[in-house]
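The values are calculated or read from the model by the stated rules, or taken from the named source; none is laboratory data. These figures come from a predicted structure and were not determined experimentally. Note: ideal-geometry Cβ built from the backbone for every residue, glycine included; neighbour counts use all protein chains shown.
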Amino acid sequence: MKRDLISLDDLSLEDIRGYLDLATHLETVPDERKLTRLPGAIMMTMFYEPSTRTRLSFEAAMCRLGGRAIGFAAADATSVAKGESLVDTVRTVENYADILVIRHPKEGTARVAGEISLLPVINAGDGANQHPSQTLLDLYTIQRLFGRIGNLKIAFVGDLKYSRTVHSLIRALIKFSHLDFVLVSPESLRLPTYLVPPPEQCMDVTFRETQSLEEAIQSCDLVYMTRVQRERFPDSLEFERVKDAYCLDADILQGAPSHLRIMHPLPRVNEIAYSVDRTTYASYFTQVRNGLIMRQAILLTLLGVAP
Amino acid sequence: MSDTDRVLLIPKIDNGIVIDHIPPGFGIAILEIIRRDPAMRDVVVTLGLNYHSSKMGKKDLIKLWLDELSPRVVQHISLVCPGITIKKITNYEVERRYVIRPPQSARNLLRCLNPSCVTNTEPNVDTNFTMVDEEKKKLKCMYCERVFSLKDLKPIIP
């Protein structure tokens, strides 16, 4: 049976640990050996939304495993511009590749692609819903930074309403235990209530809301910053009102605990000043590096090839 | 006028279906679901509103002169109004009765409330909901993964 990577809700804790263990193992596999893992394999990238890291790291991951990547980075250069439906596009492109990677502004698109296609499908972001490959690389980064996923106090900051990386990561983290989440957002960008599970469904996980970034910095192990995403706002005036609600700079980090780490899925706009990059707290480019190795782990897992 | 007299305002049914214990106000909504099933076009139907009920205080009631309700209509009704009773009447006697429960999943019965859900933006994509909290009647869209209260979701009328 084929395997997809559509939603964190589909993954057990064991599945997640499998991806993390494989990524850890891949760190030790020599580059020349990796090149022999997927020779001749073709990955199709279907990106209906802009992307830098996700698309390029998937393509680089495939190339480093000996395969090739083809696809489109904008739908307006395809028959979608002529009105072709998603279903027909998937049924067409699946003839040209061994695995599909899809990003789309509408929620649930990757699920539809996974149902239609006989190939493994990777959700590279579906609207405000999920971004599971980002989540797996975030979990891998957390594990490498802290040596554990659990017994951590994590602040999510910024756009918690529309951020699919936050939605995905919270869905994954609640499968672990002993976690305290501090949710820092403007009133209009609060985390949707349907993402907060009833207490009986998670092991010792708490949620608390605040509007104080300073307090979160002083009390948390990890601060996960997010960009306020212009493209998700139905009302541009509301975007203007909240776009710079939380800006992290080196001054705010004065006196922060030394073990604090800052993550961000990138791209950033104004929410993290460049002065933070030079501090020991900054871990967002570590995420970028980990993204390549985790996406290799995802491709190997879904294509059923040993590392 | 006594309660018995009032009940007699709806004729007794010899052979057919009685939908009973409908919370007051829901009778018309259920009739609307039934009416839109093409197979129901020529069926004789009576509707009673605000009848006295010893269990519920007041209730609505529908009688249909037909053999069976289609499974799709029953599913639709169960989503709009779970907990009501359906009785199969033969020769003026209740041959069979069952209480309908909300289904554990509903494919192409309800419309997703999320305007950015792929089921609202792509043609030929069926909706699909799964019950995630039976007590609070919460359903999750299997595509956009949002959770909604059943009372907020609108049925898809074929």
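Quick one: would you say residue B:146 is in contact with a Cys (Cβ under 8 Å, 6 or more places away or on another chain) and charged (D, E, K, R)? Lay out the reasoning, then the answer.
Working: in contact with a Cys (Cβ under 8 Å, 6 or more places away or on another chain): yes; charged (D, E, K, R): yes.
For residue B:146, the condition - in contact with a Cys (Cβ under 8 Å, 6 or more places away or on another chain) and charged (D, E, K, R) - is met.
Kindly establish whether residue A:109 is modelled with pLDDT of 95 or more, hydroxyl-bearing (Ser, Thr, Tyr) and closer than 28 Å to residue A:306 by Cα.
No.
Which numbered condition trips up residue B:117, out of (1) touching a helix residue (DSSP H, G or I) at 6+ places or on another chain (Cβ under 9 Å); (2) not assigned by TED's automatic domain parsing to the domain that holds residue B:32?
It fails just one condition, (1).
Does the stretch A:81-92 contain at least one residue that is acidic (Asp, Glu) and under 18 Å from the mean Cα position of the chain (by Cα)?
Scanning the stretch A:81-92 turns up no residue that is acidic (Asp, Glu) and under 18 Å from the mean Cα position of the chain (by Cα).
State which residue is surrounded by the most Cβ atoms within 10 Å (Cβ to Cβ) when the search covers only the stretch A:206-223 and only residues that are in contact (Cβ under 8 Å) with a residue 40 or more places away in the chain and part of a loop (DSSP other than H, G, I, E, B).
For the stretch A:206-223, the residue satisfying everything is A:220.
What number of residues within the stretch B:134-158 satisfy the criterion of being closer than 27 Å to residue A:86 by Cα and surrounded by fewer than 17 Cβ atoms within 10 Å (Cβ to Cβ)?
Going through the stretch B:134-158 one residue at a time, the tally reaches 4.
Return the only residue of B:143, B:92 being among the hydroxyl-bearing types (Ser, Thr, Tyr) and away from chain A (no Cβ under 14 Å).
Selected residue: B:92, the only one of B:143, B:92 that is among the hydroxyl-bearing types (Ser, Thr, Tyr) and away from chain A (no Cβ under 14 Å).
Scan the stretch A:224-253 and report the pairs whose first residue is among the acidic types (Asp, Glu) and whose second residue is surrounded by fewer than 18 Cβ atoms within 10 Å (Cβ to Cβ), with Cβ atoms within less than 6 Å and a gap of 6+ or a chain change.
A:244/A:270; A:249/A:273; A:249/A:275
Look at residue A:148 and say whether it is under 19 Å from the mean Cα position of the chain (by Cα) and at pLDDT below 95.
no
Quick check on my filter: what residues within the stretch B:134-155 are over 17 Å from residue A:171 (Cβ atoms) and either assigned to a loop (DSSP other than H, G, I, E, B) or of a type in the set (Ser, Thr, Tyr) (or both)?
Within the stretch B:134-155, B:134, B:135, B:136, B:137, B:149, B:153 meet the criteria.
Go through (1) assigned to a loop (DSSP other than H, G, I, E, B); (2) within 14 Å of chain B (Cβ to nearest Cβ) one by one and return the number of the condition residue A:66 breaks.
Of the numbered conditions (1) assigned to a loop (DSSP other than H, G, I, E, B); (2) within 14 Å of chain B (Cβ to nearest Cβ), the odd one out for residue A:66 is (2).
Within the stretch A:175-195, take every residue that is within 14 Å of chain B (Cβ to nearest Cβ) and aliphatic (A, V, I, L, M) and give me the one that is nearest to residue A:219 (Cα to Cα). Can you show your working first?
The first filter runs over the stretch A:175-195 and keeps only residues within 14 Å of chain B (Cβ to nearest Cβ), leaving A:191-195.
Applying the additional criterion that residues be aliphatic (A, V, I, L, M) yields A:191, A:195.
On the way: A:191: 20, A:195: 23 Å.
Across the stretch A:175-195, the extreme among qualifying residues is A:191.
Residues checked against (1) at positive phi; (2) surrounded by fewer than 22 Cβ atoms within 10 Å (Cβ to Cβ); (3) assigned to a helix (DSSP H, G or I):
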{"position": "A:138", "(1), (2), (3)": "no, no, yes"}
{"position": "A:155", "(1), (2), (3)": "no, no, no"}
{"position": "A:166", "(1), (2), (3)": "no, no, yes"}
{"position": "A:180", "(1), (2), (3)": "no, yes, no"}
{"position": "A:191", "(1), (2), (3)": "no, yes, no"}
{"position": "A:197", "(1), (2), (3)": "no, yes, no"}
{"position": "A:204", "(1), (2), (3)": "yes, yes, no"}
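What is the residue count in the stretch B:104-133 for residues that are more than 7 Å from every other protein chain (Cβ to nearest Cβ), in a loop (DSSP other than H, G, I, E, B), surrounded by fewer than 18 Cβ atoms within 10 Å (Cβ to Cβ) and at negative phi?
So the count comes out to 4.
Out of the residues in the stretch B:148-158 meeting the condition of being over 13 Å from residue B:108 (Cα atoms) and in contact with a Leu (Cβ under 7 Å, 6 or more places away or on another chain), tell me which one is nearest to the other protein chains (Cβ to nearest Cβ). It would help to see each step written out before you state the result.
From the stretch B:148-158, those over 13 Å from residue B:108 (Cα atoms) are B:148-152; that's our starting set.
Then keep just the ones that are in contact with a Leu (Cβ under 7 Å, 6 or more places away or on another chain); that gives B:148, B:150, B:152.
Details: B:148: 8, B:150: 14, B:152: 12 Å.
Ranking the candidates gives B:148 first.
May I ask you to say which residue of A:92, A:28, A:52 is surrounded by fewer than 16 Cβ atoms within 10 Å (Cβ to Cβ), farther than 20 Å from residue A:116 by Cα, without any contact (Cβ under 8 Å) to a residue 40 or more places away in the chain and among the hydroxyl-bearing types (Ser, Thr, Tyr)?
Just one listed residue meets the conditions, A:28.
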